[in-house]
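Structure first, commentary second.
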Amino acid sequence: MINNSVALHRPFRDRSFGLVRKFLAINWLFVLCVCLLAGVGYTALYSAAGGASQPYANSQLYRFLTALLMMLVIAMVDIRIIARLSWVSYAIGVVLLLVVMKFGHTGLGAKRWMTLGGVEIQPSELMKLFLTLALASYFCRASHERVGNILFLLPAVAVVLLPVALILKEPNLGTAVITALIGASVMYGAGVRWWKFAIVVVVIAVAAPVLYHHLHDYQRARIITFLNPGSDPLGAGYNIIQSKIALGSGGFSGQGYLHGTQNQLNFLPEKQTDFVFTIIAEEFGFIGSMAVLALLFSIVGIALYTALRCQHQFGRLVALGIGANFFLYCFVNLSMVMGLIPVGGVPLPLISYGGSALTAVMLGFGVLMSVHVHRDVEFAAKDF
Amino acid sequence: MKRDTRDRAGFTRRALLVGTAQLGIFAAIGVKLYKLQVQQHSQYAMMAQANSISERLVAPERGLITDRFGTVLAGNQQHWRALFMQALAPDPQAVLDNFTKLVALSPDEQARIAGDLADRPGYIPVLLKDYLDWPDMAAIEVNTPDLPGVIVEVGASRVYPFGPALAHAVGYVARPTPREAKTDTVLALPGMRVGRTGTEAEQDEELRGAPGFVQTETNVHGEVVREVAHDPGTPGQTVALAIDAGLQNLAVQRLGQDAGAVVVLDANSGEILAMASNPAFDPALFDKGVPAATWESLMKDERDPLQNKAISGLFAPGSTFKPTVALAAMKAGVLTPDTILTCNGSLTLGDHIFWCDNHVAHGSINVTTALQVSCDVFFYQVALMVGIDKIAEMATTMGLGTDLGVDLPNAAAGLVPTHDWARARGIYWAEGSTVVQGIGQGYTQLTPLALATMIARIASGVAVGPHITRRIGGVLQSGADPDDWLPLDVDDRHLAVIRNALFEVVNTPAGTAYASRLTLPGVQMAGKTGTAQVHDNTAAEKQKNFNDMTMPWADRPNALFVGFAPYDSPRYAIAVVIEHGNFGAQSAAPIARDLMTYAIQHDPAGRDVPLTPPPAPPAAPAGDVSANQPPGLSLQ
């Protein structure tokens, strides 16, 4: 059976695997789905500007095309090179987080942006990918027994908690939780028992209210802003109410493109970023939101498929982590838009306006495609 | 390799679990979206509507007032004005400050705006500035982003093409008082006016109409994005008066500088064809708000321009009262057409001498001659014979000293005294008072309208009531037709005697108004002059003539004339009162002649140009079978 698979997929033991073949080996269905989502984003941003390609849609399109090119280039970089750079990237990510904490500029109530060579980047977005790589690197050669060993797990937990703590300090609860969950996903994929996660969850659940109770008022207020960064000027819950009205008024088939009153009349602040989904839902209705949901899930599904098809543990864990990252983005953003969770600051990947999240996600997709292209390579000891 | 296989199997299991969880969560999101978007759609759709659509009431256009031929007497003129919707402004005070920087507002205006803003709910716009000029408009338009909630719109102001000529009959409008605006929110709308006098006040409800609304789509900043719906409301109804503008203009022109009043009635229906009161004022002043100085001067003028003398000016009728006295005496049986009484130039009662006009002795005369030459002594004696109660009774029948129910506000009933009236007021009724009652002096106070009604009733033998409104919204009002009125409760033969005597007054050389007879072929006017003392003359004055041009203006007697024409088949009745105009024959009768001539030549009575009434909703065709089918049943 293994021989069969070897026969079908010629193992490339060296780097002579031709660029053209690598290019053709990219999962083009995945690329199509990504492009379709970017198209949805263009449509929504065109509408957000009141039916104009300026100021959002076109500039986002150029960013996407740049990011797409970057993704295709990374897809052809040997996964083993990427694996070798895992810890370096992790270190760079941590340094960037520290830099942004010290020098970054404040946006929407939190310090999370920095400018690097004219490009605004959010280190926390990059960190999620770098953490995935680092954890995959840590776990990919560990035996089942070692993974079961608490002492082996503790450094991994530290690797996760360091960036999570730094992101919390920004403060950006949403991304911190997502980062922690990505770490958990990779560790779970690596074989860590579920009850170990359960213990952590229970400890946090028990500790949180007790801690909260012992806090001073100003500290609690800080936590509330922490939960809801960029607290809205028009009163608590304004965004959520307007967002739900936008979703609900869309109905089954929508109010028609460029005819959503909530969107066109600016009832939603910053609708082109975090609340971009409401534009689709209001103007294209339930049908439109289901189509977008299906496209989003197809990305998650293909990432999972890539993980399952990969012959090496590193690729599997990386693909799982990148899929989890994308999934969590979607889940947190959609839940926020529907008013299910009070967290802000998480865009809808590929659709929301903004370069930093897009770049980070496309970087991850490049790595994912690299896993796909290099699913059959064999790792040597020197690769780690 | 073996380890790798085991790892891979474990990973596959775990990855599929993760994938399943992810799919499950996506499905849950889908279900939640279904609930929000499909199941709760109508609820959220309503909220979205409430979010974006703001509604504001707009003042309806006030109805027109026209004369009987459709000439506009009160119309509307468009102008630009700035309104402010508080509900649309996040910070109303900041907007007001910005507005004041652009458009100059007087301290009075600022105080009014502050009061209005405090009083009115947010959906009622508040007037910032009326009659915007181009620089103001431009300043506002350019600075729209700084003025959320400020709306520039077309407003209507009331215009009166005839100005003072119809100021009293048509009346005027003014802004509602804050108190009125509080009791009726419609009145709080900018541009709403309330009729204060004349027809504007009397028909205010008909003229007002019902407010409309403008629905605008606004964004979260209160900026109007577009107009969704515009309902202009129901404009007020057109009120067509019985007035003939031509006749009215002539009446005003003939009054000239004299203070006084003229009323021309359709003798058969009581319609007021002309009603002038001099001096008058510009009714348009009140629409914009009268300047204090103008108001003061209007109030101080001794000739009382604001009062409609035709319906609320009270004058002693003088000799124009004599026909009523004669009718009362004939009804009581103390006077017949053949009764002869003697005039020696005066009547002595106790120690008081009552002079005849000009101290002239008329000799032995009957009632016809007494009216023709306007003998006072004859009527002194008649008054003593019949008594004031019977005179008052006949006066009421003739429409004198009684509420005529005219459709104009502030009409005075006037007074014809009775013994009961005197007793109630503790007045000692001397016989001398009865004597002067015979010639329409003393306590008797009547309006020109009442006098016109009296002469119209004598002319037509119908108990017509004076009224000015002919059609509302094109619908003819009751009273326009002579059959709408009851016959007069007076013996026709008595009326014939009086009509004949009044004919003699105008058309015989001995008659007091012979100089003012009509010059139209085959048409004669009948009438009665009157010269009423307004001043308790001194003994010296009584020795002379009481109507002397040497007296101060305010002490001179009022000149009166009542008349009707044509004599054969009366159509028009007229009453003219010239304040302090000395002789009725001299100043009042010529005006009556000219107006009568115009009326007979143009003959407006019974004619008009009706407004086309709005089409009735189409009725179901009678022969249509389906119209009789119960609903839900279809014909196959």
- [ ] Determine the shielding of peptide A:288-295 by partner chains: average, over its residues, the number of Cβ atoms on other chains within 10 angstrom of each Cβ.
- [x] 2
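Can you give me the convex hull volume of the Cα atoms of the stretch A:17-377, divided per residue and expressed in Å³?
Values: hull volume 50.5 nm³, N = 361.
Given the Cα convex hull of the stretch A:17-377, per-residue volume reads 140 Å³.
Which of A:Ile240, A:Ile351 comes first, and how do the rest follow, when ranked by fewest Cβ neighbours within 10 Å?
Values: A:Ile240 20, A:Ile351 28.
Ordered by Cβ neighbours within 10 Å, fewest first: A:Ile240, A:Ile351.
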- [ ] In debye, nearest 20, what is the charge dipole magnitude of the stretch B:460-516 about its Cα centre with +1 on Lys and Arg Cβ and -1 on Asp and Glu Cβ, if you could check?
- [x] 240
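What is the protein assembly as shown by shape, rounded, prolate or oblate, if you read a ≥ b ≥ c off the alpha carbon gyration tensor as root eigenvalues and call it rounded for a/c under 1.5, prolate for a/b larger than b/c, and oblate otherwise? Spell out each step's value before the answer.
Details: a/c = 4.81, a/b = 3.88, b/c = 1.24.
Since a/c reaches 1.5 and a/b is larger than b/c, the shape of the protein assembly as shown is classed as prolate.
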Task: Cα-based shape type of chain B, given that a ≥ b ≥ c are square roots of the gyration tensor eigenvalues and the cut on a/c is 1.5 - done: prolate
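Quickly rank A:246-255, A:325-334, B:417-426 as a protection proxy: mean count of other C-beta atoms within 10 Å, highest first. Could you put the intermediate results ahead of the total?
Working: A:246-255: 23.9, A:325-334: 25.5, B:417-426: 13.6.
Ranked by mean Cβ neighbours within 10 Å, highest first: A:325-334, A:246-255, B:417-426.
Give the average, rounded to an integer, of partner chain Cβ atoms located within 10 angstrom of each Cβ in A:248-258. List each step's numbers first, then the result.
Working: counts 15, 14, 8, 8, 4, 2, 1, 2, 0, 0, 0.
Partner-chain Cβ atoms within 10 Å, mean over residues of A:248-258: 5.
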- [ ] For the stretch B:10-138, just say rounded, prolate or oblate: build the C-alpha gyration tensor, square-root its eigenvalues into a ≥ b ≥ c, call rounded for a/c under 1.5, and beyond that prolate if a/b exceeds b/c, oblate if not.
- [x] prolate
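Suppose every K and R has +1 on its Cβ and every D and E has -1 on its Cβ; what is the size of the dipole of the stretch B:347-457 about the Cα centre, in Debye to the nearest 20? Working shown, then result.
Details: 4 positive and 9 negative charges, 13 e Å.
It works out to roughly 60 debye.
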Task: Dipole of the protein assembly as shown [Lys/Arg +1, Asp/Glu -1 at C-beta], most positive-end residue of A:Leu61, A:Ser356, A:Gly366 - done: A:Gly366
TODO: With +1 on each Lys and Arg Cβ and -1 on each Asp and Glu Cβ, and nothing else charged, work out how big the dipole of the protein assembly as shown is about its Cα centre, in Debye to the nearest 20.
DONE: 8060
Task: For peptides A:33-43, B:330-340, sequence by mean Cβ density within 10 Å, most packed first - done: A:33-43, B:330-340
Task: When each of A:Lys196/A:Lys244; B:Lys182/B:Lys288; B:Lys390/B:Lys528; A:Lys128/A:Lys196; A:Lys128/A:Lys271 is checked by Cα-Cα distance, pairs over 31 Å - done: A:Lys196/A:Lys244
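Calculate how large, on average over all directions, the projected area of the Cα convex hull of the stretch B:54-241 is; give the answer in nm² to one decimal. Kindly include the intermediate steps, with their values, before the conclusion.
Numbers: hull surface 43.4 nm².
Hull-based average projected area comes out at 10.8 nm².
Mean projection of the alpha-carbon convex hull of the stretch B:466-510 over all orientations, in nm²? Intermediate results must be reported in sequence, preceding the final value.
Details: hull surface 19.8 nm².
Reported value for the Cα convex hull: 4.9 nm².
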Task: Cα convex hull volume per residue for the stretch B:129-186 (Å³) - done: 131
Task: Sorted peptide list for B:495-504, B:129-138, criterion being average Cβ within 10 angstrom, highest first - done: B:495-504, B:129-138
Task: Other protein chain Cβ atoms within 10 Å, averaged over every residue that makes up B:13-24 - done: 6
- [ ] Quote the convex hull volume per residue of the stretch B:276-328, based on C-alpha atoms, as a whole number of Å³.
- [x] 93
Task: Farthest positive-ward along the stretch A:17-377 dipole, Cα basis, beta-carbon charges - from A:Leu317, A:Ala52, A:His214 - done: A:Leu317
Task: Positive-pole candidate from B:His467, B:Ser478, B:Pro509, dipole of chain B, charges at beta carbon - done: B:Ser478
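Each reported figure results from applying straightforward, stated rules to the coordinates on display, with no laboratory input. Since the model is a prediction, treat every value here as computed from it, not as a measurement. For neighbour counting, all protein chains shown are included, and Cβ atoms are generated from backbone atoms with ideal geometry for every residue, glycine included.
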